[in-house]
Amino acid sequence: MKKKGLPEIIADIKLTIYRIDMFLARIDNRIKTLEDLSLYNIGRFNYLSKAYYKEIEINKNLMINLLRVKIILEILEIRLETLMMLNSLREYIYPVVKALESIKGNLGNSIEFGPLIDDILLNLKPIVTSDAKPILNESEEVRKIIEEAEKVATEELREKYKVPT
């Protein structure tokens, strides 16, 4: 199996998000149909009406979990796109920064330009030379992402799908 690069991974994430959206629309339609059936049968077939209601609850829980996954995928997509842009930026400006560093020596100890160039180089150095820094408190970062996904998913359920939470 061929190892995928960032563009392919991002494309896979976008496709997964699209499929989740399509599946959410189908679940939403299914919930509406089940609600109609449940209301239609409430007086005549009480047991059937309760079964429909149970299925509605199962589908709502599935929607909540799918929305959480979708939000986390969207966060991942944004972070991977940022990483891809930074990598491209790093590769694009690295030779220019190296050239500036080497040419800066030709200026001697220029009071006018030395500090300005040093400041530019100092600010570009993290972009050019740094790799991703390890997250010190990984579980805290994961918890924050999940909480953010939960909050956005709940809001989307309430606004877009009119599902009370």
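The values are calculated or read from the model by the stated rules, or taken from the named source; none is laboratory data. If you're wondering where the values come from, they're calculated on a predicted model, not measured in any experiment. Note that each Cβ is placed from the backbone with ideal geometry, even for glycine, and that neighbours are counted across all protein chains shown. To get the accessible areas, we keep the full protein, side chains included, count just its heavy atoms, and leave off ligands, DNA and RNA. Shrake-Rupley method; radii C 1.70, N 1.55, O 1.52, S 1.80 Å.
One entry in (1) 55, 16, 12; (2) 25, 21, 14; (3) 37, 25, 13 is semi-axes √(5λ) of the Cα gyration tensor in Å calculated from the shown coordinates; its label is (1).
Among Tyr94, Tyr53, what's the order by accessible area (1.4 angstrom probe), most exposed first? Spell out each step's value before the answer.
On the way: Tyr94 100, Tyr53 125 Å².
Reading off the accessible areas and sorting them downward yields Tyr53, Tyr94.
Straight-line cross-link partners of Lys125 among the lysines, defined as a Cα under 24 Å from its Cα and at least 8 positions apart when in the same chain: Lys98, Lys104, Lys133. Probing with 1.4 Å while keeping every protein chain in the model, the per residue accessible area of the chain equals 74 Å². Once the chain from Tyr47 to Val69 is taken as fully extended at 0.36 nm per residue, the excess over their C-alpha distance is 4.6 nm.
Once you list every other residue whose beta carbon is under 13 Å from the beta carbon of Ile10, what net charge do they have if Lys and Arg are +1 and Asp and Glu are -1? Intermediate values should be presented prior to the final figure.
On the way: positive: Lys4, Lys14, Arg79; negative: Glu8, Asp12, Glu74, Glu77, Glu81.
Residues close to Ile10 contribute a combined charge of -2.
Distance from the Cα centroid of the range 75-104 to that of the range 41-58 is 58 Å (rounded to whole angstrom).
Extension gain, Lys4 to Arg143, is 47.3 nm, computed as 0.36 nm per intervening residue step minus the present C-alpha separation.
For the pair Tyr161 and Leu83, what calculated FRET efficiency results from E = 1/(1 + (r/R0)^6), where r is the Cβ-Cβ distance and R0 = 30 Å, to the nearest 0.05? Using R0 = 30 Å, I get an efficiency of 0.40.
If I take every Cα pair under 8 Å that is 6 or more residues apart in the chain, average their sequence separation and divide by the length, what percent do I get for the relative contact order? It would help to have the intermediate numbers written out before the result.
Values: 82 pairs, mean separation 44.0, N = 165.
Result for the chain is 27 percent.
Using a probe radius of 1.4 angstrom, the carbon and sulfur fraction of the accessible surface of the chain is 62%.
Think of each Lys and Arg Cβ as +1 and each Asp and Glu Cβ as -1; about the Cα centre, that makes the dipole of the range 1-129 roughly 720 debye.
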